[in-house]
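J.: Handing you a structure now.
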Amino acid sequence: MAAKKACETFSKSLIEEVHRWGCLKQTGVSLRYMMEFGSKPTDKNLLISAQFLHKELAIRIARRAIELENLPYGLSQKPAVLTVRDWYVDSFRDLRAFPNIKNVNDEQDFTEMIKAIKVRHNNVVPTMALGVQQLKKRMDPKIVYEDLVEIHQFLDRFYMSRIGIRMLIGQHVELHNPNPPPHVVGYIHTKMSPVEVARNASEDARAICCREYGSAPDVHIYGDPDFTFPYVPAHLHLMVFELVKNSLRAVQERFMDSDKVAPPIRIIVADGIEDVTIKVSDEGGGIAISGLPKIFTYLYSTARNPLDEHSDLGIGDNVTMAGYGYGLPISRLYARYFGGDLQIISMEGYGTDAYLHLSRLGDSQEPLP
């Protein structure tokens, strides 16, 4: 911990409490459990959920706060990382200061508090990206960034944990919706059509492509639109959007000055017994084999961070995927969060296939870094 900063901001007893709670065991929850538990959002169930979160969020947030103190290469001392560390300690303090939850009123107050925590952490991803950028500026340029394994592993753990924290808070908050749409349980849609989500995500990605380039290749989707399974539509939208956006950019840039018509992006949705697989294929020229290991790293992107040193940090979730090279590694974490995965297979000189595997069974436990 940056001792000087910590002393100025937080009391010694609070920091000691963070360390105590960071040693406690986390408890994972499966998609199926969230779905079954949330299907009856009675006052009693909401009370049980709030009591669980009161303890669980404090443990998870404390763990991340401790990790933020102990990063290699001086990353912990970077101003942006200190900002994130402060958010985590503030949120831990809010949770610990909240009294035991005994009745409906307590539960409603608690829900408002965790809503505010979720908002406080909206910009964690771009702010951490800024911290990594601050580190890169002062590092020996001869260091190969893929070799900074510790930082990659930390960011994977950190962002995976963040996905879990936001899922638990969001799920609890959404269960308070008095008129949920049919088949919706919190963040989960029990009859989600992957073809429909892929269509919406593709349209969003094409709109961005049109804005940047003036036109966009077509996207063709193959699969049964009536096939449904339980999943979190917001997670799937984010992943497909990212994959399609990358494919559109590759095809658009390859065919921009060509007389040929840009070939379409193809999305194939396959429903297996255990997995649902979504393949996104493009003819955007592919990635050289030497470049493939870099696509899942956090230190590789040449894209400009939308948050530069002087920008205002008061922006919402809208920037968190906006082209600073975190799209693929974070999409893979979203896939893995519920027991799936993301693989990229490329043919240099032709194009790239991304395979997004989603677990259909919904009974894998959350990964708990």
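The values are calculated or read from the model by the stated rules, or taken from the named source; none is laboratory data. Nothing here was measured: the structure is a model prediction, and the numbers come from that model. Neighbour counts are summed over all protein chains in view; Cβ atoms, including those assigned to glycine, are modelled from backbone coordinates with ideal geometry. The accessibility values were calculated without ligands, DNA or RNA, using every heavy atom of the protein model including side chains. Shrake-Rupley method; radii C 1.70, N 1.55, O 1.52, S 1.80 Å.
J.: Name the residue, out of 96, 120, 157, that is touching a Phe, Trp or Tyr at 6+ places or on another chain (Cβ under 6 Å) and open to solvent by 70 Å² or more (accessible area, probe 1.4 Å).
T.: Going through 96, 120, 157 in turn, just one is touching a Phe, Trp or Tyr at 6+ places or on another chain (Cβ under 6 Å) and open to solvent by 70 Å² or more (accessible area, probe 1.4 Å): 120.
J.: Can you name the number of the only condition in (1) loosely packed, with under 15 Cβ neighbours inside 10 Å; (2) over 20 Å from the mean Cα position of the chain (by Cα) that residue 150 fails?
T.: Status for residue 150: all satisfied but (2).
J.: Within region 60-72, is there a residue that is farther than 21 Å from residue 330 by Cα and open to solvent by 50 Å² or more (accessible area, probe 1.4 Å)?
T.: Within region 60-72 (the criterion being farther than 21 Å from residue 330 by Cα and open to solvent by 50 Å² or more (accessible area, probe 1.4 Å)), the answer is yes, since at least one residue qualifies.
J.: So, in region 149-182, exactly how many residues are under 26 Å from residue 329 (Cα atoms) and free of Cβ contacts under 8 Å to residues at least 40 places away in the same chain? Give the steps one after another, and end with the answer.
T.: Narrowing region 149-182 to residues under 26 Å from residue 329 (Cα atoms): 149-171.
Retained after the next criterion (residues that are free of Cβ contacts under 8 Å to residues at least 40 places away in the same chain): 149, 153.
Within region 149-182, residues that are under 26 Å from residue 329 (Cα atoms) and free of Cβ contacts under 8 Å to residues at least 40 places away in the same chain number 2.
J.: Would it be correct to say that residue 115 is part of a helix (DSSP H, G or I), out of contact with any Asp or Glu (no Cβ under 9 Å at 6 or more places or on another chain) and either in the same structural domain as residue 68 (by the TED database) or not small (Gly, Ala, Ser) (or both)?
T.: Considered against the rule, which asks whether it is part of a helix (DSSP H, G or I), out of contact with any Asp or Glu (no Cβ under 9 Å at 6 or more places or on another chain) and either in the same structural domain as residue 68 (by the TED database) or not small (Gly, Ala, Ser) (or both), residue 115 comes out as yes.
J.: Restricting attention to region 334-344, which residues are open to solvent by less than 30 Å² (accessible area, probe 1.4 Å) and within 13 Å of residue 232 (Cβ to Cβ)?
T.: 335, 337, 338, 340
J.: If you don't mind, there's one more thing I want to ask. For region 235-265, name all the residues that are outside any helix (DSSP H, G or I) and open to solvent by 70 Å² or more (accessible area, probe 1.4 Å). Before the answer, list the steps.
T.: In the first step, residues of region 235-265 are kept if they are outside any helix (DSSP H, G or I); the result is 256-265.
If the condition is that a residue be outside any helix (DSSP H, G or I) and open to solvent by 70 Å² or more (accessible area, probe 1.4 Å), then 256, 257, 259, 260, 261 are the ones that fit.
J.: I would also like to ask the following. Residue pairs, Cβ under 8 Å, 6 or more apart or interchain, first in region 258-275 and under 17 Å from residue 198 (Cα atoms) and not assigned by the TED database to the domain that holds residue 344, second surrounded by fewer than 16 Cβ atoms within 10 Å (Cβ to Cβ) and at pLDDT below 95. List them.
T.: Listed pairs, sorted by first residue: none to list.
J.: Of the residues 268, 278, only one is modelled with pLDDT of 95 or more and surrounded by 22 or more Cβ atoms within 10 Å (Cβ to Cβ); which?
T.: Answer to the check: 278.
J.: Could you please find all residues in region 184-234 being modelled with pLDDT of 95 or more, surrounded by fewer than 13 Cβ atoms within 10 Å (Cβ to Cβ) and in a loop (DSSP other than H, G, I, E, B)?
T.: Hits for region 184-234 are 224, 226.
J.: Scan the helices (runs of 4 or more DSSP H) fully inside region 1-105 and keep the ones with 3 or more residues being assigned by the TED database to the domain that holds residue 157.
T.: 12-22, 31-38, 43-69, 79-97
J.: Of all residues in region 99-112, which are buried (at least 16 other Cβ atoms within 10 Å of the Cβ) and either within 24 Å of residue 158 (Cα to Cα) or among the charged types (D, E, K, R) (or both)? Step through it out loud before you land on a result.
T.: From region 99-112, those buried (at least 16 other Cβ atoms within 10 Å of the Cβ) are 101, 106-107, 110-111; that's our starting set.
106, 107, 111 - these are the residues of region 99-112 that are buried (at least 16 other Cβ atoms within 10 Å of the Cβ) and either within 24 Å of residue 158 (Cα to Cα) or among the charged types (D, E, K, R) (or both).
Residue-by-condition table, conditions (1) closer than 20 Å to residue 339 by Cβ; (2) among the aliphatic types (A, V, I, L, M); (3) surrounded by 19 or more Cβ atoms within 10 Å (Cβ to Cβ):
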{"position": "27", "(1), (2), (3)": "yes, no, no"}
{"position": "32", "(1), (2), (3)": "yes, no, no"}
{"position": "38", "(1), (2), (3)": "yes, no, yes"}
{"position": "41", "(1), (2), (3)": "no, no, yes"}
{"position": "46", "(1), (2), (3)": "no, yes, yes"}
{"position": "50", "(1), (2), (3)": "no, yes, yes"}
{"position": "54", "(1), (2), (3)": "no, no, yes"}
{"position": "57", "(1), (2), (3)": "no, yes, yes"}
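J.: Inside region 209-226, can you point out the residues that are of a type in the set (A, V, I, L, M, F, W, C) and either touching a residue at least 40 places away in the same chain (Cβ under 8 Å) or within 17 Å of residue 258 (Cα to Cα) (or both)? So that I can check it myself, show each step before the final result.
T.: Taking region 209-226 and keeping what is of a type in the set (A, V, I, L, M, F, W, C), we get 209-210, 216, 219, 221.
Passing the criteria: 209, 216, 219, 221.
J.: If you don't mind, another one. Which residue out of 303, 354 is modelled with pLDDT under 55 and small (Gly, Ala, Ser)?
T.: 303
J.: Would you mind stating whether residue 186 is under 20 Å from residue 330 (Cα atoms) and under 21 Å from the mean Cα position of the chain (by Cα)?
T.: no
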